[in-house]
Amino acid sequence: MRPNSQALKHKLSHDSEREFGGTLGAVCIPIFLPLTVLFLISLSRSPEASLFQWPPPLPSADQLWDPLAPVLLLGWFALHAVIYLMPLGKVSEGLVLRDGTRLKYPINGFHGLCIGGVFLMLLLGLGAPLGYLFELLLPLAVCAIAVSFLFSIYLYIRSFWAPSHALALGGNTGNPLYDFFIGRELNPRIGDFDLKYFCELRPGLIGWVVINLGMLMKEVELRGSPSLAMILVNSFQLLYVADALWNEEAVLTTMDIVHDGFGFMLVFGDLAWVPFTYGLQAAFLVVHPQALSSLKAAAIIALNGIGYYIFRQSNSQKNQFRRDPTHPSVTRLETIATATGKRLLVSGWWGLVRHPNYFGDLLMALAWSLPCGFSHLLPYFYVIYFTILLIHREARDERQCRAKYGLAWDTYCRRVPYRIFPYIY
Ligand code: NDP
């Protein structure tokens, strides 16, 4: 039976109390994760680069600050805000909101990547020392963390002026610490400028590949040419970011946009965590060069290719099905009905495991670490963290789907027993 909206609201806000460890998590995570970012960057450039070394390599105060960092960071945000507002690409509608309306979003993130790329090439042509990003990494991370806090405080305060239908169900518990962390307002906007959608894929994600390029240029400065390992890490991660931006429209149906409020969790994740931890392998390679044979490189490229194929195909299949279930590419697939009127796929990629897209994503994550060899655990931080994140995310999604679809979801789980890894989990 479909729960009525009041019961659903009560259930979600009650369940969400426990998300990320509830109030305790909401207090500890904003302290612990920013420190983790700074710690990991410091570690990646220390000679030992050991997660277990004692005492840990803590940066000195002058390593944390450079006046160039806030200028570059704010300039970068401004550049992408301008590109966002430019009349490039199509405009797409999001899913129907609780008040029955749909928001419009410019699909021009890929233009942002290309314009950002041209801009960087011009800077390189003019002799800009992009390798200096290696020295700037800690000050940039400090600024991104500070911006995340200030921006989240702004979002929290302004959410009290938002109408109740514009609030996220899970971020509206009345506990200020928890709501600040999870996010109260679902789609905060300044005019037509959607703050969450802007941050989700643009400054942080594109910033990540720019930082990677900086690490590659640093390697060129130090050793005359980029290593094969560095080229692989840069290429794989550029493919991932370019794919996300090419398929930007798909973000409109993800949990982040549809369900989660915009608070510290997403702001910090988008602006600080992603750009400064996802590319740790490149930062690691600057100080810890790795020899890579052609055979190993070919095997790693194949793994990344397989992961990418599964990731892209499964995401596209579900997006196509959700946007137009009558499209010829999905009409052959077996589905089951739910009481909400929506159907669930039980064959094709979504009949293999309940999150084939996560499986593909994790194969790629492994391929990004393998070029760094097996001498250190640090370059495997991303794949370990990402496995934990996706297992947790899968459990959150599962809870929401069970609340939405009830018995139909149980039927789906019986038909497709494995969650992420076929025949394992
Ligand atoms: P998903 O794209 O996996 O979407 C989950 C939703 O899909 C469910 O809530 C449900 O929504 C729908 N769904 C689930 N099962 C079925 C089915 N059998 N048939 C039809 N619809 C179904 O969510 P995410 O946002 O978690 O992930 C999107 C992509 O982003 C993934 O590839 C993931 O790996 C990646 N990602 C990457 C991160 C990173 O940091 N690199 C972080 C998080 C995600 P409904 O029924 O309401 O449509």
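The values are calculated or read from the model by the stated rules, or taken from the named source; none is laboratory data. Note that this is a predicted model, so its numbers are computed, not measured. Neighbour counts run over all protein chains shown; Cβ positions are idealised from the backbone, glycine included. Calculation scope for accessible area: heavy atoms of the full protein, side chains included, ligands and nucleic acids excluded. Shrake-Rupley method; radii C 1.70, N 1.55, O 1.52, S 1.80 Å.
Brief remarks on what is shown
- Residue within the stretch 379-394 that is at pLDDT 90 or above and either in the same structural domain as Leu245 (by the TED database) or more than 25 Å from Leu33 (Cβ to Cβ) (or both) present: no
- Members of the stretch 320-333 found to be surrounded by 12 or more Cβ atoms within 10 Å (Cβ to Cβ) and more than 8 Å from the ligand (Cβ to nearest atom), listed by number: Gln320, Arg323, Asp324, Pro325, Ser329, Val330, Leu333
- The stretch 257-288, residues that are over 28 Å from Pro371 (Cβ atoms) and open to solvent by 20 Å² or more (accessible area, probe 1.4 Å): Val258, His259, Met265
- Neighbours by Cβ (under 6 Å, 6+ apart or cross-chain): first from the stretch 315-326, among the polar types (S, T, N, Q); second more than 10 Å from the ligand (Cβ to nearest atom) and not in a helix (DSSP H, G or I): Gln320/His327
- The residues of the stretch 334-351 that are surrounded by 16 or more Cβ atoms within 10 Å (Cβ to Cβ) and within 21 Å of Arg396 (Cβ to Cβ), listed by number, are Thr338, Leu344, Leu345, Trp349, Trp350.
- The criterion of at least 2 residues that are more than 26 Å from the chain's Cα centre (by Cα) and modelled with pLDDT of 80 or more is met, among helices (runs of 4 or more DSSP H) falling completely within the stretch 1-64, by 61-64.
- Each residue in the stretch 334-347 was checked for being touching a residue at least 24 places away in the same chain (Cβ under 8 Å) and more than 10 Å from the ligand (Cβ to nearest atom), and 2 pass.
Results for (1) outside any loop (DSSP other than H, G, I, E, B); (2) in the same structural domain as Glu221 (by the TED database); (3) open to solvent by 10 Å² or more (accessible area, probe 1.4 Å), shown as yes or no for each residue.
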| residue | (1), (2), (3) |
| --- | --- |
| Leu123 | yes, yes, yes |
| Gly131 | yes, yes, no |
| Glu135 | yes, yes, yes |
| Leu150 | yes, yes, yes |
| Ile153 | yes, yes, yes |
| Gly174 | no, yes, yes |
| Tyr197 | yes, yes, no |
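- Scan of the stretch 255-278 for residues that are under 17 Å from Leu167 (Cα atoms) and within 10 Å of the ligand (Cβ to nearest atom), ordered by number: Met255, Asp256, Ile257, Val258, His259, Asp260
- Considering the stretch 89-116, the residues that are part of a loop (DSSP other than H, G, I, E, B) and touching a residue at least 24 places away in the same chain (Cβ under 8 Å) include one that is surrounded by the most Cβ atoms within 10 Å (Cβ to Cβ), namely Asn108.
- When Leu378, Leu366 are screened for being more than 9 Å from the ligand (Cβ to nearest atom) and open to solvent by 40 Å² or more (accessible area, probe 1.4 Å), only Leu366 passes.
- For Glu219, the stated conditions do not hold, so it cannot be described as touching a strand residue (DSSP E or B) at 6+ places or on another chain (Cβ under 6 Å), in a helix (DSSP H, G or I) and touching a residue at least 40 places away in the same chain (Cβ under 8 Å).
- Exactly one residue among Tyr423, Tyr418 is out of contact with any helix residue (DSSP H, G or I) (no Cβ under 8 Å at 6 or more places or on another chain), modelled with pLDDT under 90 and open to solvent by 40 Å² or more (accessible area, probe 1.4 Å), and that residue is Tyr423.
- Being touching a residue at least 60 places away in the same chain (Cβ under 8 Å) and under 23 Å from the mean Cα position of the chain (by Cα) holds for only one residue in Leu292, Leu352, Leu303, Leu390, and it is Leu303.
- Out of Ala297, Ala302, Ala291, sole residue that is open to solvent by less than 10 Å² (accessible area, probe 1.4 Å), under 27 Å from Val233 (Cβ atoms) and of a type in the set (A, V, I, L, M): Ala297
- Scanning the stretch 237-256 for residues that are under 26 Å from Thr101 (Cβ atoms) and either of a type in the set (Val, Ile, Thr) or open to solvent by 10 Å² or more (accessible area, probe 1.4 Å) (or both) yields Asn247, Glu249, Ala250, Val251, Thr253, Thr254, Met255, Asp256.
- Taking the criterion of being modelled with pLDDT under 95 and either among the acidic types (Asp, Glu) or assigned to a helix (DSSP H, G or I) (or both), the residues of the stretch 253-264 that qualify are Thr253, Met255, Asp256, Ile257, Val258, Asp260.
- Whenever a residue of the stretch 11-37 is polar (S, T, N, Q) and open to solvent by less than 50 Å² (accessible area, probe 1.4 Å), its partners that are at pLDDT 90 or above and in a helix (DSSP H, G or I), lying with C-beta atoms within less than 7 angstrom and at least six residues away or across chains, give the pairs Ser16/Ile182.
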